[in-house]
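What follows is a single structure, written as structure tokens, with notes after it.
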Amino acid sequence: MTQLPSDEALADAIRRAKAAGQAADRREPRALSARYDGRTRRVVLELRDGCAFAFPVEQTEGLKGAAPDLLRKVEVLGDGYALRWETLDVDYTVPGLLAGRLGSRRWMAKVMGEVGGRSRSTAKVRAARRNGRKGGRPRGS
């Protein structure tokens, strides 16, 4: 049989959790508001510290390709810690967005690969020509 914590231990755990939450609230960025700007196709955050931040929906997992009426339904949750699009089932933390995390690791790698694949540097063109003379891109294993 599992023993439950005492009332005193439970009260102490709640006090520690509240203190940790208050410390994070002072240390991490929090949103006052969020809105979708249909003209720029970006979500714009107004932060508590007076700064503003915007990110493109077309580079954001779960938001890319979504209809404007669904993108406008963004909610600020957790005292400014997170954003939620209920109808799209999409959630993001404000600190994560500010760190440039616009999706899962797999999504971000795919987006970065697409960007890199479109680049046309002189070195990349030369390398492609050398590979072509050798018979093209080597087969995957």
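The values are calculated or read from the model by the stated rules, or taken from the named source; none is laboratory data. Note that this is a predicted model, so its numbers are computed, not measured. As a convention, Cβ positions derive from the backbone with ideal geometry for all residues, glycine included, and neighbour counts pool all protein chains shown. When the accessible area is computed, the model is the full protein with side chains, heavy atoms only, and any ligands, DNA or RNA have been set aside. Shrake-Rupley method; radii C 1.70, N 1.55, O 1.52, S 1.80 Å.
Candidates in the range 26-46 are the residues that are of a type in the set (Lys, Arg) and in a loop (DSSP other than H, G, I, E, B); of these, the one that is most open to solvent (accessible area, probe 1.4 Å) is Arg39. Here the range 71-91 is the region considered, the condition is being touching a Phe, Trp or Tyr at 6+ places or on another chain (Cβ under 8 Å), of a type in the set (A, V, I, L, M, F, W, C) and assigned to a strand (DSSP E or B), and the residue that is surrounded by the fewest Cβ atoms within 10 Å (Cβ to Cβ) is Ala82. Scanning the range 4-22 for residues that are part of a helix (DSSP H, G or I) and among the small types (Gly, Ala, Ser) yields Ala9, Ala11, Ala13, Ala17, Ala19, Ala20, Gly21.
Given the structure, is Ala23 open to solvent by less than 100 Å² (accessible area, probe 1.4 Å), at pLDDT 80 or above and under 24 Å from Tyr81 (Cα atoms)? No. Every listed requirement among (1) modelled with pLDDT under 95; (2) of a type in the set (D, E, K, R); (3) part of a helix (DSSP H, G or I) is met by Asp49 save one, (3).
Give the range 92-117 a look and list any residue that's of a type outside the set (A, V, I, L, M, F, W, C) and either part of a helix (DSSP H, G or I) or surrounded by fewer than 15 Cβ atoms within 10 Å (Cβ to Cβ) (or both), or say none.
Kept after step one, since they are of a type outside the set (A, V, I, L, M, F, W, C), are these residues of the range 92-117: 92-93, 95-96, 100-101, 103-106, 110, 113-114, 116-117.
Passing the criteria: Pro95, Gly96, Gly100, Ser104, Arg105, Arg106, Lys110, Gly113, Glu114, Gly116, Gly117.
Hey, does the range 58-70 have a residue that's open to solvent by 60 Å² or more (accessible area, probe 1.4 Å), under 30 Å from Val111 (Cα atoms), assigned to a strand (DSSP E or B) and in contact with a strand residue (DSSP E or B) (Cβ under 9 Å, 6 or more places away or on another chain)? No; the residues of the range 58-70 include none that is open to solvent by 60 Å² or more (accessible area, probe 1.4 Å), under 30 Å from Val111 (Cα atoms), assigned to a strand (DSSP E or B) and in contact with a strand residue (DSSP E or B) (Cβ under 9 Å, 6 or more places away or on another chain).
The conditions are (1) within 16 Å of the chain's Cα centre (by Cα); (2) modelled with pLDDT of 95 or more, and Arg101 fails exactly one of them. Which is it? Condition not satisfied by Arg101: (2).
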